[in-house]
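Asker: Please see the structure below; I have some questions.
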Amino acid sequence: MRAAVLREYGEPLRIEDAERPEPDPDGIVIETDACGICRSDWHAWQGDWDWIGAKPPMGHILGHEPAGTVIEVGEDVTRLSEGDSVAVPFTLSDGTCPECRNGHSNVCENLLPLGFADPVPGAFAEEVHVPAADQNAVTLPDGVSPVAMAGLGCRFVTAFHGLVHRADVDAGDWVAVHGCGGVGLSAVHIASAIGANVVAVDLDDKKLAKAEELGALETVNAAETENVPRAIMGITDGGASVSVDALGIAETCQNSVSSLRRRGQHIQIGLTTKEERGSVELPTDAMVMKEIEFVGSFGMQPPRYDEILRMVESGTLDPSAVVSETVTLDDVPDRLAAMSDYETMGIPVVDTF
């Protein structure tokens, strides 16, 4: 099968013939109909995240936002059949640890991140294996576009989990979103859909215009603003109730925390770069005195995907609205390279393998 393979960090992925996967007894193989290209793939390509154990080895197939069709089923799988359309969360869990048993499989103690860890080659390939498939694969309703479901990916579901499950967003609350890449635009769309007033922050006027299209009421161009938190304080009359760092650099994380009103909530979605290596200095005294909450959001539990799918069915949410373009597998190396200078908009999706 054809696949985009990592041969050297920072050098273009190679489109190669790779050995096709065979299902484990508890696994399935899907034919990949679509797969998002995420900034997390860019980090993997750069060789980041060794500090959290998510640095893929040489020869690894990247890609972690697939939707596809089941073509082989392991003998122990009971819930899935050949021909089923599925989405695959990137947070592959085993279903047996205490976190899984208590409904928090997205932070499984034995989690395998699809496309980042050696045991789970990714989905920039014609076929991909899904372990513990009864636990991990999400069956999709008839008529749902694979491209839209790839658009769900890690970015959309992580933003949804953060805003709907991890934070307390009420109708009319101000939500600030720092960084309008794929996950930031997803957060803008979701926050608007659940009734929040959204302020979007970015350096690029085109991305800010897209944020307005997806529901942002106000925008702040950080390149033209001397003090982003002060600007947000003015727009929101005292600070956002919830603020999201959708990029993961020190500046956006610090701006997000400093944009909050008293008893506000910061949601950390963006993971850090080589510069921060997982640690960012924060205004801890101010956080204490204002009783600021700092929460993380990482993927989403497969059983909760139905919440998004119901909103998609009703027209309240549209993951495809965040999809910026569809490309071929051969385009993946160039689209990753474009992310080095933040040249991509929204979520590019591979739909031709």
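Asker: Residue-wise, which Karplus ³J(HN,Hα) couplings in Hz belong to the stretch 228-235, taking 6.51 cos²θ - 1.76 cosθ + 1.60, θ = phi - 60°, and x for glycine or proline?
Answerer: In residue order, the calculated couplings are 4, x, 5, 4, 5, 4, x, 4 Hz.
Asker: From the phi angles alone, apply the Karplus equation (6.51, -1.76, 1.60; θ = phi - 60°) to the stretch 318-329 and give each ³J(HN,Hα) in whole Hz, x where the residue is Gly or Pro.
Answerer: Each residue of the stretch 318-329 in turn: 9, x, 5, 5, 8, 6, 8, 6, 10, 9, 9, 4 Hz.
Asker: Once you have a ≥ b ≥ c as the square roots of the Cα gyration tensor eigenvalues for the stretch 1-149, tell me rounded if a/c is under 1.5, and otherwise prolate or oblate according to whether a/b is larger than b/c.
Answerer: oblate
Asker: Would the stretch 215-285 count as rounded, prolate or oblate if I go by the C-alpha gyration tensor, calling it rounded below 1.5 in a/c and otherwise prolate when a/b exceeds b/c, oblate otherwise?
Answerer: Details: a/c = 1.79, a/b = 1.44, b/c = 1.24.
Prolate, since a/c reaches 1.5 and a/b exceeds b/c.
Asker: Can you say what percent of the DSSP beta bridges in the chain, counting only those with both residues inside, are antiparallel? Round to 5. Each step should come with its number before you reach the end.
Answerer: Numbers: 26 of 53 bridges.
Expressed as a percentage, antiparallel bridges in the chain total about 50.
Asker: What spacing in nm lies between the two simple spin-label points modelled at residue 17 and residue 107, each 7 Å away from Cα in the Cβ direction?
Answerer: About 4.6 nm, to one decimal.
Asker: Okay, moving on. What length, rounded to one decimal in nm, is gained on full extension from residue 7 through to residue 82, with 0.36 nm per residue of separation minus their alpha-carbon distance?
Answerer: 23.7 nm
Asker: Rank-order 244-253, 60-69, 14-23 by packing density, defined as the average count of other C-beta atoms within 10 Å over each peptide's residues, highest first.
Answerer: Ranking, from highest mean packing down: 60-69, 244-253, 14-23.
Asker: Continuing with the same structure: Using packing as a proxy for protection, rank 134-141, 272-279 so that the peptide with the highest average count of other Cβ atoms within 10 Å comes first.
Answerer: 134-141, 272-279
Asker: Work out, in µm²/s and without decimals, the Stokes-Einstein translational diffusion coefficient of the stretch 290-353 at 37 °C, 0.692 mPa s, Rh from Kirkwood over C-alpha pairs.
Answerer: In µm²/s, the coefficient rounds to 222.
Asker: So, counting K/R as plus one and D/E as minus one, what does the shell of residues with Cβ under 12 Å around residue 269 add up to?
Answerer: Summing Lys/Arg as +1 and Asp/Glu as -1 gives +2.
Asker: Can you tell me the length gained on complete extension of the stretch residue 54 to residue 142, counting 0.36 nm per residue apart and subtracting the Cα distance?
Answerer: 28.3 nm
Asker: Report the full-extension gain for the segment residue 206 to residue 75: residue separation times 0.36 nm, less the Cα-Cα distance, to one decimal in nm.
Answerer: Values: separation 131, 0.36 × 131 = 47.16 nm, distance 4.97 nm.
Roughly 42.2 nm would be gained on extension.
Asker: Here is a further query. So with the 1.4 Å probe, I'd like the accessible area per residue for the stretch 6-76, rounded to whole Å². Don't jump to the answer; show the numbers that get you there.
Answerer: Values: 2940 Å² over 71 residues.
Result: 41 Å² of accessible area for each residue.
Asker: Taking only C-alpha pairs under 8 Å that are 6+ residues apart, what is the relative contact order of the chain in percent?
Answerer: Values: 881 pairs, mean separation 66.5, N = 353.
Over the chain, the number comes to 19 percent.
Asker: Which ³J(HN,Hα) values in Hz, rounded to whole numbers, follow from the phi angles of the stretch 284-291 under the Karplus curve 6.51 cos²θ - 1.76 cosθ + 1.60, where θ = phi - 60° and Gly and Pro get x?
Answerer: 5, 5, 5, 5, 5, 5, 9, 6
Asker: Let me ask something additional. P(r) tail for the chain, what percent of Cα pairs lie past 31 Å?
Answerer: Looking at the chain, the distances longer than 31 Å represent 30 percent of pairs.
Asker: Counting heavy atoms of the protein chains only and a 1.4 Å probe, report the per residue accessible area for the stretch 228-307 as a whole number of Å².
Answerer: Heavy-atom accessible area per residue stands at 48 Å².
Asker: To the nearest 20 Debye, how big is the dipole of the chain about its Cα centre, given +1 on the beta carbon of each Lys and Arg and -1 on that of each Asp and Glu?
Answerer: In total the dipole reaches around 1080 debye.
Asker: Could you sort 234-242, 155-163, 327-335 so that the peptide with the highest average Cβ count within 10 Å comes first and the rest follow in order?
Answerer: Packing proxy ranking, top to bottom: 155-163, 234-242, 327-335.
Asker: Now for a separate question. Per residue, how much accessible surface does the stretch 161-214 expose to a 1.4 Å probe? Answer in Å², no decimals.
Answerer: Details: 1780 Å² over 54 residues.
Heavy-atom SASA per residue in the stretch 161-214 reads 33 Å².
Asker: Find, among the GluC sites (Glu not before Pro) in the stretch 285-349, those assigned to loop by DSSP (not H, G, I, E, B) with at most 13 other beta-carbon atoms within 10 angstrom.
Answerer: Taking the stretch 285-349 and a limit of 13 other Cβ atoms within 10 Å, the loop GluC sites (Glu not before Pro) found are 291, 343.
Asker: Can you tell me the 0 to 90 degree angle between the C-alpha axis of helix 305-314 and the longest principal axis of the chain, rounded to 10?
Answerer: 70
Asker: A further question follows. What are the residues whose amide H is under 5 Å from the amide H of residue 59, where those residues sit 5 or more places off or on another chain and H is modelled from the backbone?
Answerer: 6, 7
Asker: Calculate the tail of P(r) for the stretch 246-287: the fraction of all Cα-Cα distances greater than 12 Å, expressed in %. Write down the numbers at each step before the final one.
Answerer: Values: 488 of 861 pairs.
Counting every Cα pair in the stretch 246-287, those more than 12 Å apart make up 57 percent.
Asker: Let me ask you something else. Could you pull out every residue, at least 5 positions away or on a different chain, whose amide H is within less than 5 Å of the one on residue 127? Hs are placed 1.01 Å off N in the peptide plane, and Pro or chain starts have none.
Answerer: Answer set, sorted by chain and number: 32.
Asker: Let me ask another. Ignoring any ligand, DNA or RNA, what whole percent of the accessible area of the chain comes from carbon and sulfur when the probe is 1.4 angstrom?
Answerer: 44
The values are calculated or read from the model by the stated rules, or taken from the named source; none is laboratory data. All values derive from a computational prediction rather than experimental measurement. Counting neighbours? That spans all protein chains shown, and the Cβs are built from the backbone with ideal geometry, glycine included. The area values use the complete protein model at the heavy-atom level, side chains included, leaving out ligands, DNA and RNA. Shrake-Rupley method; radii C 1.70, N 1.55, O 1.52, S 1.80 Å.
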